[in-house]
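Report on the following structure.
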Amino acid sequence: MRKIEISEKIKNLKSALKIMGSNLLDVANQFGVNKETREILKGQIDNINENFLFVIVGEVNAGKSSFINALLGSPICATSHEICTQEVQKIIYGNSEKLLQHSGERLVTREFPAEILKEITIVDTPGTNSRETEHQQITERFIPKCNLVLFIFQIDNIHVQSAWDFFKKIKNEWSKKVVFVMTKSDRYSDEEILNYRNLLNQYAIQEHMESPRIFVTSAKLEMGNSPEKSGFSEIRDFINVDVLKDAAMNKITEDVNVIRKLMSDIDLEFNTRKAKFNKDNSTREKIDSIIVNKEAMTIANIQSLSKKCMNVYDSNTAESIEKLKKGIGFFSFTFKAIKTIFGGESNKTWLETVNKNHIDNLNKAINLVLEGGIDSLKSDISYMVIGVKEALDTLEDLKIKPHKMFYKIDEKRNEMVNSLKQNLTDFIDKSAVFKGEDIIKDKNIDYSGVNVAGGIAAIGGTLAIITNLSVLDITGGIASALGIAVAGGIAIMQKGKYIAAVKEMLQKKRIEFEDSLNKNLSSYFMQIKNKINEQFTDFDYHLKSEKQQIIDYDKKAHELSNELKAVERDVFN
């Protein structure tokens, strides 16, 4: 007996497409494709998994259940009049026979261990002339999704209007493939069968159906000793060749096209995401470059400024030492001592004057150097901060529609960028580090209302105070260096020792001054640099995560594309 069967090629293609679709869904879940797209994809996978659906319709007691049992070669449907007119039965595969009643519906799902039910699902309906309107509603639920509608007529009862009304609905609203099956042929003569068949053909043509397919069957003969006369071989051949084979390939082709479209949509969105990442990453690299370049320039300027200051320090020190050498001697000190008797300048006063002149000259000379240097340092830091802010401002606030893929990721990215911009603005406006309060410790300075321009002004004020504090700190101790022997007077024999001590003290102060100046200026710049970089911590993590996801996605997308191409080759070749 010829069976209804699905070819191994179809089964393999369907299985491969299921696996590929499931893999694509895994990728969609892994990479945050939005819920709407994932639901569409899941629905498509469910559609791939769906069996071919045959819906059996016709009037009450037309022999639908007996036809199903004979068609599938298994006693699947109960054939008592009472059961068949009460429920819509959805017949699916199960390891054992089981009946599931759907709560609140006149629908039962019957599981049955017939091999063919692994590939097709049968819906056995109550009857087109049933008084239960719910039956028709349930039937209409399955018709739009079915692959074949088998319209069952008992041979001598093809005139029922309710059946033809339902046929019009199937044909006009759903455009489904319909065949007519005449049952119980064992009860009629060949002549009667021919007459009724011609009449049924005429009715179908009147309803604008071209070349209607009509099968004459007898479940009794099929299940008895004359299956060759039952008509079931012809309908099985039709189902195998014209329905299952064609429908299967058409369905798989359609599924492949849908999966390809979804893959293309996801890939297109990921390309957009890559473009956003490249823009964000390029901007971040530009900001890094701005900071690195300005750091190198600032360090060079600090070193240059320090060198100029040290040259001034050395020159001033040499002049003061020379004055001491000339002024300290037997005759000069004796002369000053004699002059003191007559109201002239004493040795102590002279040394104090040398001390004071040394401090005043050093302060003036170094501050003159620093005034010019501060402008250069201020420009370095100002341009760094302005450059960072301008680069950050180029990051667009992306307007993402809620239905688009990855919109949650883009929303998070937008929040991060906006937060970053605000944090940087707040840092420029309000940060104690930017104003230099942690360094200068001067609460009398008014930094209220500081903005980008005001913040840059604060940089200049901070640098001036830093350098001024460095100068005062050093020069404030120079008097003790020059005045080592002032209090007790200087013996001539101690001149060389005194000059050496002064030189040693001034050299020590020189080292401290250079270290303090470099340290304070460099520390101030580094604090600003580090605080700016700290603002980018979350954004840098986002970029790192995005980069890895793009790498991972590209790898997965390549694998999925190869999987789908393999299925397409088998489908279209």
| Restricted to the range 221-252, and to residues that are out of contact with any Ser or Thr (no Cβ under 8 Å at 6 or more places or on another chain) and charged (D, E, K, R), which residue is farthest from LYS176 (Cα to Cα)? | GLU228
| query | Under the condition of being modelled with pLDDT under 90 and of a type in the set (Lys, Arg), which residue from the range 514-564 is nearest to LEU305 (Cα to Cα)? | reply | LYS519
| request: Pick out, from the range 356-465, the helices (runs of 4 or more DSSP H) lying fully within it that include 2 or more residues that are surrounded by 15 or more Cβ atoms within 10 Å (Cβ to Cβ) and modelled with pLDDT under 60. | output: 437-440
| note | Subset of the range 155-181, residues surrounded by 21 or more Cβ atoms within 10 Å (Cβ to Cβ) and within 16 Å of PHE232 (Cα to Cα), comes to ILE155, PHE180, VAL181
| Taking the range 212-225, which residues are at pLDDT 90 or above and more than 12 Å from LYS184 (Cα to Cα)? | PRO212, ARG213, ILE214
| query | Looking at GLU59, GLU36, which is the one that is charged (D, E, K, R) and under 23 Å from PHE142 (Cβ atoms)? | reply | GLU59
| request: Of the conditions (1) closer than 17 Å to GLY127 by Cβ; (2) not in a loop (DSSP other than H, G, I, E, B), ASP156 clears all except one; give me its number. | output: (2)
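Could you list, in sequence order, the residues of the range 24-41 that are modelled with pLDDT of 85 or more and surrounded by 16 or more Cβ atoms within 10 Å (Cβ to Cβ)?
Answer for the range 24-41, where residues must be modelled with pLDDT of 85 or more and surrounded by 16 or more Cβ atoms within 10 Å (Cβ to Cβ): LEU24, LEU25, VAL27, ALA28.
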| field | Test result for ASN69, surrounded by 16 or more Cβ atoms within 10 Å (Cβ to Cβ) and touching a Pro at 6+ places or on another chain (Cβ under 7 Å) | value | yes
| note | Scanning the range 511-527 residue by residue, those over 30 Å from SER419 (Cβ atoms) and surrounded by fewer than 16 Cβ atoms within 10 Å (Cβ to Cβ) turn out to be ILE511, GLU512, ASP515, LYS519
| request: Could you identify the single residue in SER218, SER233 that is among the hydroxyl-bearing types (Ser, Thr, Tyr) and touching a Pro at 6+ places or on another chain (Cβ under 8 Å)? | output: SER233
| query | Has the range 86-99 got any residue that is among the small types (Gly, Ala, Ser), at pLDDT 85 or above and not in a helix (DSSP H, G or I)? | reply | yes
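Condition check ((1) without any contact (Cβ under 8 Å) to a residue 12 or more places away in the chain; (2) outside the structural domain of ILE386 (by TED's automatic domain parsing); (3) closer than 17 Å to LEU420 by Cα; (4) in contact with a Phe, Trp or Tyr (Cβ under 7 Å, 6 or more places away or on another chain)) across all residues:
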site	(1), (2), (3), (4)
LYS529	no, no, yes, no
GLN535	no, no, yes, yes
PHE539	no, no, yes, no
LYS555	yes, yes, no, no
HIS558	yes, yes, no, no
SER561	no, yes, no, no
ALA566	no, yes, no, no
VAL571	no, yes, no, no
| Of residues in the range 549-573 being surrounded by 10 or more Cβ atoms within 10 Å (Cβ to Cβ) and among the polar types (S, T, N, Q), the one nearest to ILE259 (Cα to Cα) | SER561
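Residues of the range 200-242 being within 30 Å of LEU17 (Cβ to Cβ) and surrounded by fewer than 19 Cβ atoms within 10 Å (Cβ to Cβ), which ones?
First, the residues of the range 200-242 that are within 30 Å of LEU17 (Cβ to Cβ): 213, 235-242.
The answer is ARG213, ASP237, PHE238, ASN240, VAL241, ASP242.
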| message | Any residue that is assigned to a strand (DSSP E or B) and in the same structural domain as ILE143 (by TED's automatic domain parsing) - is there at least one of those in the range 190-213? | response | no
| query | Which one is nearest to LEU194 (Cα to Cα) among residues in the range 139-180 that are of a type in the set (A, V, I, L, M) and within 46 Å of the chain's Cα centre (by Cα)? | reply | VAL149
| query | Given the structure, is ASN240 at pLDDT below 90 and closer than 30 Å to ARG38 by Cβ? | reply | no
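The values are calculated or read from the model by the stated rules, or taken from the named source; none is laboratory data. Since we're looking at a predicted model, the values are computed, not measured. So basically every Cβ, Gly included, is an ideal-geometry build from the backbone, and we count neighbours across all protein chains shown.
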